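J.: Here it is: the structure, laid out below.
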Amino acid sequence: MPAEPGAHGAHAARPDEVPAAAPTRGSASGRIPQRLARTALKDLPWEVGVAKPDPAVVVDGVTRTFGGLTAVSVDHLEIQRGGITGLIGPNGAGKTTLFNLLTGFDRPDTGTWSFDGQSLGKMSPHQVARLGVVRTFQLTKALSRLTVLQNMLLGAQGQNGESFLKALVPGTWRRQETANTERAMDLLRRFKLDAKRDDFAGTLSGGQRKLLEMARALMSDPKVVMLDEPMAGVNPALTQSLLGHVKDLREEGMTVIFVEHDMDVVRDISDWVVVMAAGRVIAEGPPESISQNQAVVDAYLGAHHDAPLTVEEEDRVLAEAEAEIARESGGPDVISSDGTRNQR
Amino acid sequence: MSEIINAIAIAGIAAFGFQAIFFALLAIGINVHFGYTGLLNFGQIAFAMLGGFGIAVSVSQWGLPFGVGVLVGLAAAVVLALLLGLPTLRLRADYLAIATIATAEGLRLVFRSVSATPVTGGTRGLSAFNVGFIDLSPWDPQARHDILGTTWSGGELWVTLIGWLLVLLTSLLVWQLMRSPWGRVVKAIREDEDAVRALGKNVYAYKIQSLVLGGVFGALGGMVYAVSTGSVNPDQYQNANTFLAYAALILGGAARVLGPVVGAMILLFVLQFADTLLRALISNGVIPEALLTSTDVAQIRFVLVGVGLMLLLVFRPQGIFGDRREVMLDAR
């Protein structure tokens, strides 16, 4: 997967800023897109809908309602190319719905969105995937009764043997199949699944399925990878290895968008964080900016979570308790105290 | 004892007869639909009926040559598959099941209706359309031929030979397709459509292709049946046959190339064996008339097949050829 030339071109103008950025994993020799993305995003204002220097995905006025519920209502959102963008928000914030809309699995009521300047509005999921925007699912979709290797081979694009007529002539796809198998085995080795190549995917553990799904998505040589809760239900040791893999994607020049609930993970790997609540983007900025953002704190913990009870409220609760005790007086203590507690 | 040997011999013929070919071809089609692609086609018999009537109507009513009749039958099956698939395959799997089961019954009623009588012959059906095919027989169609102690007419032998050749060819086709990347996509669709969509495959197109392919196999089965019996009648194509074909498929093992073929042979063997043996035992008094009369036998043999299927599902849920590991994955 060659890195997008545009991604580097956009930042070549200010190479002097590169060393100042956060340190990266040492694996990328010379080529350090992580720093580029983070550097490019460094001077941006921390406000919703801010324009990115080199956006890969642009969302404009997308809304999706389910009956009376507005699941997604995003005015403007840009995703920086070659960076890792974390998408966070409380449950029901519309993160997965936004993913579904972006990848063609769901249709919005209004709005446009594009990848590399190409509108994705009328495209079905497989067309979006062919453009290089690949997703994984929150509930892992391992293809159980296919082997691990078959799962991987399914990810390869442009296969001759997938057309009905050419499938009948093995000569037209044998060579391609061999090449794809080699590439699949390389990826499986990276994800430490190579020993499982001939096992049914259904026999893998939950964490291994997450790995397989990610590896399978990479088989398609994507430009944008959208990971829906890649760490959910994965043990901490495996989380570390998954994190490493996600960072590697960025090193290879891919744009990564991921949904995650674990703030440590988000802080660790994101170049930019987008916070959603009740269908809207309520904040965006670098990871360190998010925990101080009042809108984010309110969305997660409630607007009045840190305000003490007011005097009136306290009085009311007290009065109720006293009334209860008065009513129960003469009865056994246990009941009265129970009743009081129930009142509260 | 001699009754048992006799019953085995007669059942053995049935296992290689034209009905076995008929169910084998139906089941191969269902295997493509249900076993590999995960499509629930509960109206496979409609494809068979179109196949049979395609030949019968073309030859008897329109005076076309036999070969053209075959093409008409196949084309009709393709059209039916498209009509069923285009509106339903974007929806959940249940919708195809509903559409197919309704179509199979509805189409049969249309074919036997009075207004269709000028074309389909109505309840009397059509006959005498297979001469063009029987004449090609290398054996004298009227003469009797003895093979391994069984007697076949030259015509029967010819139809049966071509029928098994068709089974062989369709099985080879399925085998080649299912080991190709095309088959991999189709099997993946059976597991999870959305995952396949997310990997850039046009799931809808694959499902349509699979529906057409299996429908064409069903039409071939109907043709073999029609040509063997020498007549077609809408009431021969009851939808119960679809479910017998499903029984054959599950017996042999779904998603296995030879599963439907062996399953159909075993199904016919068991049906015929039970039939012959029970009748013999009743006629020579081993089974008292009070318990079972020979008129009950036709039903009892299906009960026996049902019991056999239940035992199979308990002790060998994967069928005869299936992979137990694969089936057990579903049980998790």
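The values are calculated or read from the model by the stated rules, or taken from the named source; none is laboratory data. Source: prediction; values computed, not measured. Please note: Cβ atoms are built from the backbone with ideal geometry, for glycine as well, and neighbour counts cover all protein chains shown. SASA here: full protein model, heavy atoms, side chains in, ligands and nucleic acids out. Shrake-Rupley method; radii C 1.70, N 1.55, O 1.52, S 1.80 Å.
J.: Among the residues of segment A:145-167, write down those that are within 20 Å of A:Gly132 (Cβ to Cβ) and within 25 Å of the chain's Cα centre (by Cα).
T.: The answer is A:Asn151, A:Met152, A:Leu153, A:Leu154, A:Gly155, A:Ala156, A:Gln157.
J.: Restricting attention to segment A:103-127, which residues are within 10 Å of chain B (Cβ to nearest Cβ), surrounded by fewer than 23 Cβ atoms within 10 Å (Cβ to Cβ) and not polar (S, T, N, Q)?
T.: If the condition is that a residue be within 10 Å of chain B (Cβ to nearest Cβ), surrounded by fewer than 23 Cβ atoms within 10 Å (Cβ to Cβ) and not polar (S, T, N, Q), then A:Gly104, A:Phe105, A:His126 are the ones that fit.
J.: Counting only residues that are more than 20 Å from A:Phe200 (Cβ to Cβ) and either exposed (fewer than 15 other Cβ atoms within 10 Å of the Cβ) or within 14 Å of chain A (Cβ to nearest Cβ) (or both), how many does segment B:310-332 have?
T.: Of the residues in segment B:310-332, 5 are more than 20 Å from A:Phe200 (Cβ to Cβ) and either exposed (fewer than 15 other Cβ atoms within 10 Å of the Cβ) or within 14 Å of chain A (Cβ to nearest Cβ) (or both).
J.: Moving to a separate point now. Residues of segment B:294-308 being open to solvent by 40 Å² or more (accessible area, probe 1.4 Å) and not acidic (Asp, Glu), which ones? Steps first, answer last, please.
T.: Taking segment B:294-308 as the starting set, the residues that turn out to be open to solvent by 40 Å² or more (accessible area, probe 1.4 Å) are B:294-296, B:299-304, B:307.
B:Ser294, B:Thr295, B:Gln299, B:Ile300, B:Arg301, B:Phe302, B:Val303, B:Leu304, B:Val307 - these are the residues of segment B:294-308 that are open to solvent by 40 Å² or more (accessible area, probe 1.4 Å) and not acidic (Asp, Glu).
J.: Within segment A:169-177, identify whether any single residue is charged (D, E, K, R), touching a Leu at 6+ places or on another chain (Cβ under 8 Å), farther than 24 Å from A:Val72 by Cα and in a helix (DSSP H, G or I), and answer yes or no. Even if it seems obvious, please write down each step before you answer.
T.: Within segment A:169-177, the first condition is being charged (D, E, K, R), and the residues that meet it are A:174-175, A:177.
Imposing the further condition that a residue be touching a Leu at 6+ places or on another chain (Cβ under 8 Å) reduces the set to A:177.
So of that shortlist, the ones also farther than 24 Å from A:Val72 by Cα come out as A:177.
So of that shortlist, the ones also in a helix (DSSP H, G or I) come out as A:177.
So far as segment A:169-177 goes, yes, one or more of its residues are charged (D, E, K, R), touching a Leu at 6+ places or on another chain (Cβ under 8 Å), farther than 24 Å from A:Val72 by Cα and in a helix (DSSP H, G or I).
J.: Follow-up question, since we're still on this one. Based on this model, can you work out whether B:Val32 counts as of a type in the set (A, V, I, L, M), farther than 18 Å from B:Leu249 by Cβ and part of a helix (DSSP H, G or I)? Can you show your working first?
T.: Working: of a type in the set (A, V, I, L, M): yes; farther than 18 Å from B:Leu249 by Cβ: no; part of a helix (DSSP H, G or I): yes.
Judged against the criteria, B:Val32 is not a match.
J.: May I pose another question? Within the set of pairs 6+ apart or on separate chains, which have a first residue in segment A:68-81 that is outside the structural domain of A:Thr255 (by TED's automatic domain parsing), a second that is of a type in the set (A, V, I, L, M, F, W, C), and C-beta atoms under 6 Å apart?
T.: none
J.: From the list A:Phe99, A:Phe66, pick out the single residue that is of a type in the set (Phe, Trp, Tyr) and farther than 19 Å from A:Val246 by Cα. Spell out the reasoning first.
T.: Numbers: A:Phe99 fails: farther than 19 Å from A:Val246 by Cα.
Sole residue among the options that is of a type in the set (Phe, Trp, Tyr) and farther than 19 Å from A:Val246 by Cα: A:Phe66.
J.: When you scan segment B:184-198, how many residues do you find that are more than 7 Å from chain A (Cβ to nearest Cβ) and in contact (Cβ under 8 Å) with a residue 60 or more places away in the chain?
T.: 3
J.: Read through the list (1) at the interface with chain B (Cβ under 8 Å from one of its Cβ atoms); (2) within 20 Å of B:Glu193 (Cβ to Cβ), then give the number of the only condition that A:Pro170 fails.
T.: Evaluating A:Pro170 over (1) at the interface with chain B (Cβ under 8 Å from one of its Cβ atoms); (2) within 20 Å of B:Glu193 (Cβ to Cβ) leaves (2) as the failure.
J.: Something else: Could you tell me which residue of segment A:143-162 is nearest to A:Val259 (Cα to Cα), considering only residues that are part of a loop (DSSP other than H, G, I, E, B) and at the interface with another protein chain (Cβ under 8 Å from one of its Cβ atoms)? Steps first, please.
T.: To start, the set of residues in segment A:143-162 that are part of a loop (DSSP other than H, G, I, E, B) comprises A:143-146, A:156-159.
Going one step further and asking which of them are at the interface with another protein chain (Cβ under 8 Å from one of its Cβ atoms), we end up with A:143-146, A:157, A:159.
On the way: A:Leu143: 22, A:Ser144: 24, A:Arg145: 28, A:Leu146: 27, A:Gln157: 25, A:Gln159: 31 Å.
Among residues in segment A:143-162 that are part of a loop (DSSP other than H, G, I, E, B) and at the interface with another protein chain (Cβ under 8 Å from one of its Cβ atoms), the one nearest to A:Val259 (Cα to Cα) is A:Leu143.
J.: Another question about this same structure. So how many residues does segment A:168-180 have that are open to solvent by 30 Å² or more (accessible area, probe 1.4 Å) and either among the hydroxyl-bearing types (Ser, Thr, Tyr) or within 22 Å of A:Ala129 (Cα to Cα) (or both)? Outline the logic, then answer.
T.: Initial filter on segment A:168-180 (open to solvent by 30 Å² or more (accessible area, probe 1.4 Å)): A:168-169, A:171-172, A:174-179.
Next, only the ones that are either among the hydroxyl-bearing types (Ser, Thr, Tyr) or within 22 Å of A:Ala129 (Cα to Cα) (or both) stay: A:172, A:176-179.
Result for segment A:168-180: 5.
J.: Still on this model: Of the conditions (1) more than 8 Å from chain B (Cβ to nearest Cβ); (2) open to solvent by 20 Å² or more (accessible area, probe 1.4 Å); (3) among the hydrophobic types (A, V, I, L, M, F, W, C), A:Val133 fails just one. Which one is it?
T.: Answer for A:Val133: the failing condition is (2).
J.: Oh, and also: Within segment A:189-197, can one find any residue that is open to solvent by 20 Å² or more (accessible area, probe 1.4 Å), closer than 18 Å to A:Leu146 by Cα and of a type in the set (A, V, I, L, M)?
T.: Yes: segment A:189-197 contains one or more residues that are open to solvent by 20 Å² or more (accessible area, probe 1.4 Å), closer than 18 Å to A:Leu146 by Cα and of a type in the set (A, V, I, L, M).
J.: Something else about it: Is it the case that A:Thr85 is away from chain B (no Cβ under 14 Å), at pLDDT 90 or above and surrounded by fewer than 24 Cβ atoms within 10 Å (Cβ to Cβ)? I'd like the intermediate steps shown before the answer.
T.: On the way: away from chain B (no Cβ under 14 Å): yes; at pLDDT 90 or above: yes; surrounded by fewer than 24 Cβ atoms within 10 Å (Cβ to Cβ): no.
No, not satisfied.
J.: Answer with yes or no whether B:Phe273 is out of contact with any Pro (no Cβ under 6 Å at 6 or more places or on another chain), touching a residue at least 12 places away in the same chain (Cβ under 8 Å), assigned to a helix (DSSP H, G or I) and open to solvent by 30 Å² or more (accessible area, probe 1.4 Å).
T.: On the way: out of contact with any Pro (no Cβ under 6 Å at 6 or more places or on another chain): yes; touching a residue at least 12 places away in the same chain (Cβ under 8 Å): yes; assigned to a helix (DSSP H, G or I): yes; open to solvent by 30 Å² or more (accessible area, probe 1.4 Å): yes.
For B:Phe273, the condition - out of contact with any Pro (no Cβ under 6 Å at 6 or more places or on another chain), touching a residue at least 12 places away in the same chain (Cβ under 8 Å), assigned to a helix (DSSP H, G or I) and open to solvent by 30 Å² or more (accessible area, probe 1.4 Å) - is met.
J.: Is one or more of the residues making up segment A:189-199 among the hydrophobic types (A, V, I, L, M, F, W, C) and facing another protein chain (nearest Cβ under 8 Å)?
T.: Taking segment A:189-199 and keeping what is among the hydrophobic types (A, V, I, L, M, F, W, C), we get A:191, A:193, A:195.
Next, from what is left, pick out any that are facing another protein chain (nearest Cβ under 8 Å): none.
Scanning segment A:189-199, I find no residue that is among the hydrophobic types (A, V, I, L, M, F, W, C) and facing another protein chain (nearest Cβ under 8 Å), so the answer is no.
J.: Moving on to the next point. Given the residues B:Lys207, B:Lys201, which is the only one that is over 26 Å from B:Ile21 (Cα atoms), within 14 Å of chain A (Cβ to nearest Cβ) and not aliphatic (A, V, I, L, M)?
T.: Working: B:Lys207 fails: over 26 Å from B:Ile21 (Cα atoms).
Exactly one residue qualifies, and that residue is B:Lys201.
J.: Another one. Checking B:His145 against (1) in contact (Cβ under 8 Å) with a residue 12 or more places away in the chain; (2) under 21 Å from the mean Cα position of the chain (by Cα), which single condition isn't satisfied?
T.: Every condition holds for B:His145 apart from (2).
J.: Within the set of pairs 6 or more residues apart or between chains, which connect a residue that is within 19 Å of B:Tyr204 (Cα to Cα) inside segment A:149-168 to a residue that is open to solvent by less than 20 Å² (accessible area, probe 1.4 Å) and of a type in the set (Ser, Thr, Tyr) with Cβ atoms less than 6 Å apart?
T.: Here the result reads A:Gly155/A:Ser220; A:Gln157/A:Ser220; A:Gly161/B:Ser180; A:Ala167/B:Ser180, each pair linking segment A:149-168 to a residue that is open to solvent by less than 20 Å² (accessible area, probe 1.4 Å) and of a type in the set (Ser, Thr, Tyr).
J.: Right, next: What residue, of A:Leu211, A:Leu204, is surrounded by 19 or more Cβ atoms within 10 Å (Cβ to Cβ), away from every other protein chain (no Cβ under 11 Å) and in contact with a helix residue (DSSP H, G or I) (Cβ under 8 Å, 6 or more places away or on another chain)?
T.: Numbers: A:Leu204 fails: away from every other protein chain (no Cβ under 11 Å).
Unique residue meeting the criteria: A:Leu211.
J.: If we keep just the residues of segment A:203-261 that are polar (S, T, N, Q) and in a loop (DSSP other than H, G, I, E, B), which is nearest to A:Gly92 (Cα to Cα)?
T.: Filtering segment A:203-261 for residues polar (S, T, N, Q) gives A:203, A:205, A:208, A:220, A:235, A:239-241, A:255.
Okay, now just the ones that are also in a loop (DSSP other than H, G, I, E, B), so A:205, A:220, A:235.
Values: A:Ser205: 27, A:Ser220: 30, A:Asn235: 24 Å.
If we take residues in segment A:203-261 being polar (S, T, N, Q) and in a loop (DSSP other than H, G, I, E, B), then A:Asn235 is nearest to A:Gly92 (Cα to Cα).
J.: Go through segment B:303-322 and report how many residues are touching a residue at least 60 places away in the same chain (Cβ under 8 Å) and not in a helix (DSSP H, G or I).
T.: 5
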